[in-house]
Amino acid sequence: MFLGHYALGFGAKKLTPYTSLGTLLLGAELVDLLWPTFLMLGVETVRIAPGITRVTPLDFTSYPWTHSLVMGAVWAGLFAALYTFFRRYPRGAMVLAALVLSHWLLDVISHRPDMPIWPGGGPRIGLGLWHSLPATLVVEGVLFSLGIWIYATNTEPVDTVGRYSFPAFVITLAAFYLASVFGPPPPSASAIAVVGQGQWLLVMWGYWLDRHRVAIRQW
């Protein structure tokens, strides 16, 4: 998924209002943010295979260090521990750990049976939502709509930037998603890794946006 991960990051703001949206998106997308670097280093691999699913031409041949369940738990623990050390906000740490782990669950729903349980072999699972383009668009669209609604109804802008940067961010995410689904396949695995690093800019946008909005309810 793509929009589904961002949806959980948006929605989590209700559970942990003192945590920046940028940090929530970082948690939801952490393993996909690490993955391009692992590709560049040759630690993990991907193959371009047009038609392998209706939604994406990517064949994820090996990504146990970012996308296995066991390593997801490790990344979740490390991320939550760092957040606790710097922010001293246990509620936020628990939500962030859940967001990191949620990435594996949403990917299991989307992917072919290529999601590893642990590094070094073993079973791979996946429910294959990506084999149906209409079903994928509905599921991601509903999740994304719900996530942005939760964020919008639990925060309010403090200035013009907060009022207009939020819809601009939502439109940009939707545009990137539609371009990836309906656009041509990427030219190479190296191109995927380079473009994938651009996701850090979206996280930075989340931090900037959240500075210009305030939570309506404080738990």
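What follows draws every value from the coordinates through simple rules; no lab data is involved. Just so you know, these numbers come straight off a predicted model, no measurement behind them. Cβ sites come from the backbone with ideal geometry, for glycine too, and all protein chains shown count toward neighbours.
For this structure, a couple of remarks:
- Per-region count, segment 163-173, residues surrounded by 14 or more Cβ atoms within 10 Å (Cβ to Cβ) and either in contact with a Leu (Cβ under 7 Å, 6 or more places away or on another chain) or of a type in the set (Phe, Trp, Tyr) (or both): 4
- Here the condition is being surrounded by 13 or more Cβ atoms within 10 Å (Cβ to Cβ) and touching a Gly at 6+ places or on another chain (Cβ under 8 Å); of Leu78, Leu133, Leu127, Leu101, it holds for Leu101 alone.
- From the list Gly141, Gly147, Gly121, the lone residue that is assigned to a helix (DSSP H, G or I), among the small types (Gly, Ala, Ser), surrounded by fewer than 20 Cβ atoms within 10 Å (Cβ to Cβ) and touching a helix residue (DSSP H, G or I) at 6+ places or on another chain (Cβ under 9 Å) is Gly141.
- Residue check, Ala179 of a type in the set (A, V, I, L, M, F, W, C) and surrounded by fewer than 12 Cβ atoms within 10 Å (Cβ to Cβ): yes
- Taken residue by residue, segment 202-218 has at least one member that is of a type outside the set (D, E, K, R), in contact with a strand residue (DSSP E or B) (Cβ under 8 Å, 6 or more places away or on another chain) and part of a loop (DSSP other than H, G, I, E, B).
- From the options Gly122, Gly147, Gly196, Gly141, residue that is of a type in the set (Gly, Ala, Ser) and over 15 Å from the mean Cα position of the chain (by Cα): Gly122
- Test: residue in segment 76-89 that is within 13 Å of Gly27 (Cβ to Cβ), touching a residue at least 24 places away in the same chain (Cβ under 8 Å), among the basic types (Lys, Arg) and not in a loop (DSSP other than H, G, I, E, B): yes
- Flag for Thr61 being among the polar types (S, T, N, Q), within 27 Å of Gly183 (Cα to Cα) and assigned to a loop (DSSP other than H, G, I, E, B): no
- Contact annotation: residue pairs with Cβ atoms under 8 Å, 6 or more positions apart or on different chains, pairing a residue in segment 50-74 that is free of Cβ contacts under 8 Å to residues at least 12 places away in the same chain with a partner that is outside any strand (DSSP E or B), are Gly51/Pro57.
- Number of positions in segment 148-186 that are more than 29 Å from Ile52 (Cα to Cα) and either in contact (Cβ under 8 Å) with a residue 60 or more places away in the chain or not aliphatic (A, V, I, L, M) (or both): 18
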